[in-house]
Amino acid sequence: METRGEATARRIAELLLPRRDRERLARVSLPDGGHGYDAFGLHRAWVAASLAIGRLMYDRYFRVESIGAEHIPPTGAAILAANHAGMLPLDAVMLHLNVLRHTEPPRLGRPVADWFVPLLPFVSTIYARTGVVSGSRRNVGRLLESGALVELFPEGVAGIGKPFRERYHLQQWTVGHAELAIRHRAPVVPVAIVGAEEQWIELLRLRRVHLFGAPYLPVPLLLPPLPVRYHILYGEPLVLHEGRAAADADDAAIVEEAAARVRRAVEALLARGLRARRGIFR
Amino acid sequence: MNVLVTGATTPLGAATVRGLLALPDTGHVVGAGADPWSPLLPPRGARFSYVESDLTHRRAVRSLLGGPVRAAHVEAIVHTALHRSARASGRRVHRLNVDATRALLELAADHPTARIFVYRSFAEAYHVAEDVPCLVGEDHPLELAPDEPQWVRDRAEADLTVCSHLGSSPLRIVVLRCAELFAPHAGSQLYDYLRSRVCLRPVGYDPMLNLLSMEDAVRAHLLALARPVEGVFNIAGWDTLPLSRLVALTGRVCLPVPGPLLRPLYRLRRAFVGAQFRYRMNAPRFHLGGVLDGTRARDELGYEPRVGIVWDDARRALDRERPSVRGRRAARAA
């Protein structure tokens, strides 16, 4: 029995998603708790619908270029750690689609969102249906134990809200990804997203407006984002757990050093990507 | 093994009694309940006896353990007696939910034959919030907010009472935090919610839920008795689904309504048809959901959900029990 939401998602995918993408998606292994949903709310029809809508932005608007996607492990648990910016998490959407497009066999990443996201009406449901999980150690730990590919943004809200003048300067770099990587023996693939940091210029920030728990309300200079070109670069996987026991994940010094290693790798990739591009729109 | 099952006249208690009697290595089962008898129970016989006992009095608990339980050489106690009605509140309800649990534990610890204590707890005792995982492990915080209804507070307090004896009691204690048992008269809030033809949910939210079938609940209790384990285990159900799908499967109409309107609307429903469903109690999970992580039960208890809800049966049962003002009056008169 199909609900109205599932039927709508299916129809969107049938209308907008080319056959090759549908066939590719059919090959993605998705967890199913019995009714077509996993414990976090992921559903295949919704993934197809998000792919159908997102591909227009991915192909036509941001013209995403992928470099080094072969570094993403084809199977098993892994963490993608990327820089984060752009006022709204369009970079996460582009990374999500890029992973699905450029992995063989195709893999669906599980983006990790900030804790306030489940409070947002509509957004929370759409995110959950398309594979996003709220950022907590247990949620991510269980995903890694089940062999999932987790997409993490260690800069968090500080990254997405960074001022234009701070673009491509990594903000606070949380260490949870390194801890989880050591504990769950998962390699970390550093990812640099070039382009997103110029997509939107924030005019002002309404700090006293906390809609549904959001830390602030950003007001953009222009309503649509600039049609910058995205370049997504993947580095070689970092095996942070090499020579470490799972219990070392409780050692703050080891975890910080491992997280700093990931940060350096992302910074190096960002520098490479910025050097290689010919302009923000090309 | 000889077993005492409290709350034996409830659907879960009676099903546990039947499940125990179906096992060849079960000796004698003593059922205890506040009612004189229940048609759900098997007939009394050589392997089953029933004792009417009001556990809200400590003296009754003492008499039960020192009398029929001692005489039957009961080795294990399965405690499922708890008030199911969300309408019930007050000191007497607390005495059954919490004080009786404490008394049973304390008296069983000094009992000459009892050595296992299995407590049926509730996933509803877990705290649901945006800053805690939606995948709920055994170390998840319990709901201890003072403004919560007694239905929730008692469940959390009773659970903590049992947990506080873990490791210090001579008994082997197992706490089974069961997902919502989706069955009639089992105290399920969702079951009562679905008795209406039109089910309202907050617009913009479609949370994930996990439901437990009676068969799986009974199997978890039997495994807790049989396996040499101790501690707290989440007992997840086979059905993991969003609220909208649940409503559709039961043949109801799902109507998204702005969140702030739901509480007064469901209060009206409660006032007119005497329903059990309390929106206030369910509001966090109607926004954020929460699914039990049953990994520990799988690894240590050997429990994995196997039996889903039979939706056709559920739909028919719900259709028969649709709430109405006339039904409320009849229930009051009865």
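Could you tell me whether any residue of region B:193-215 is in contact (Cβ under 8 Å) with a residue 24 or more places away in the chain, more than 14 Å from chain A (Cβ to nearest Cβ) and touching a Pro at 6+ places or on another chain (Cβ under 6 Å)?
Within region B:193-215, one or more residues are in contact (Cβ under 8 Å) with a residue 24 or more places away in the chain, more than 14 Å from chain A (Cβ to nearest Cβ) and touching a Pro at 6+ places or on another chain (Cβ under 6 Å).
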Original post:
residue B:114 passes all but one of (1) open to solvent by 50 Å² or more (accessible area, probe 1.4 Å); (2) in contact with a helix residue (DSSP H, G or I) (Cβ under 6 Å, 6 or more places away or on another chain); which number fails?
Top reply: (1)
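Looking at B:104, B:176, can you tell me which residue is open to solvent by less than 20 Å² (accessible area, probe 1.4 Å), in contact with a Ser or Thr (Cβ under 8 Å, 6 or more places away or on another chain), more than 25 Å from residue B:291 (Cβ to Cβ) and not hydroxyl-bearing (Ser, Thr, Tyr)?
On the way: B:176 fails: more than 25 Å from residue B:291 (Cβ to Cβ).
It is B:104.
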Subject >> Whichever residue in region A:87-99 is open to solvent by 10 Å² or more (accessible area, probe 1.4 Å) and in contact with a strand residue (DSSP E or B) (Cβ under 9 Å, 6 or more places away or on another chain) and, among such residues, is farthest from the other protein chains (Cβ to nearest Cβ) >> reply: A:87
Original post:
When you look at residue A:219, is it out of contact with any Ser or Thr (no Cβ under 9 Å at 6 or more places or on another chain), closer than 18 Å to residue A:140 by Cβ and open to solvent by 40 Å² or more (accessible area, probe 1.4 Å), yes or no?
Top reply: no
Original post:
How about region A:117-143: which of its residues are buried (at least 24 other Cβ atoms within 10 Å of the Cβ), without any contact (Cβ under 8 Å) to a residue 60 or more places away in the chain and facing chain B (nearest Cβ under 8 Å)?
Top reply: A:118, A:124, A:134
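Quick grid of which residues meet (1) in contact (Cβ under 8 Å) with a residue 12 or more places away in the chain; (2) within 14 Å of another protein chain (Cβ to nearest Cβ); (3) more than 18 Å from residue B:126 (Cβ to Cβ); (4) not in a strand (DSSP E or B):
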residue: B:176; (1), (2), (3), (4): yes, no, no, no
residue: B:219; (1), (2), (3), (4): yes, no, yes, yes
residue: B:229; (1), (2), (3), (4): yes, no, yes, yes
residue: B:244; (1), (2), (3), (4): yes, yes, yes, yes
**OP:** Taking only region A:26-43 into account, find how many residues are at pLDDT 90 or above, within 18 Å of the chain's Cα centre (by Cα) and on the phi < 0 side of the Ramachandran plot.
**Re:** 4
Subject >> Filtered residues of region B:255-275 (kept if within 26 Å of the chain's Cα centre (by Cα) and open to solvent by less than 80 Å² (accessible area, probe 1.4 Å)) >> reply: B:262, B:266, B:269, B:270, B:271, B:273, B:274, B:275
**OP:** Only residues that are under 24 Å from residue B:185 (Cβ atoms), at pLDDT 90 or above and in contact with a helix residue (DSSP H, G or I) (Cβ under 6 Å, 6 or more places away or on another chain): list them for region B:255-275, please.
**Re:** B:266
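Would you call residue B:118 β-branched (Val, Ile, Thr), in contact (Cβ under 8 Å) with a residue 40 or more places away in the chain and assigned to a helix (DSSP H, G or I)? Give the steps one after another, and end with the answer.
Values: β-branched (Val, Ile, Thr): yes; in contact (Cβ under 8 Å) with a residue 40 or more places away in the chain: yes; assigned to a helix (DSSP H, G or I): no.
So residue B:118 fails the test.
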Subject >> Hits in region A:185-207 (condition: in contact with a strand residue (DSSP E or B) (Cβ under 9 Å, 6 or more places away or on another chain) and open to solvent by 10 Å² or more (accessible area, probe 1.4 Å)) >> reply: A:187, A:200, A:201, A:202, A:203, A:204, A:205, A:206, A:207
Subject >> Failed item in (1) crowded, with 24+ Cβ neighbours inside 10 Å; (2) touching a residue at least 24 places away in the same chain (Cβ under 8 Å); (3) within 14 Å of another protein chain (Cβ to nearest Cβ), with residue A:177 passing the rest >> reply: (3)
Subject >> Given (1) within 29 Å of residue B:151 (Cα to Cα); (2) in a helix (DSSP H, G or I), number of the condition residue B:38 does not satisfy >> reply: (2)
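The values are calculated or read from the model by the stated rules, or taken from the named source; none is laboratory data. Just so you know, these numbers come straight off a predicted model, no measurement behind them. FYI the Cβ positions are ideal-geometry reconstructions off the backbone, even for glycines, and counts take in every protein chain you see. The area values use the complete protein model at the heavy-atom level, side chains included, leaving out ligands, DNA and RNA. Shrake-Rupley method; radii C 1.70, N 1.55, O 1.52, S 1.80 Å.
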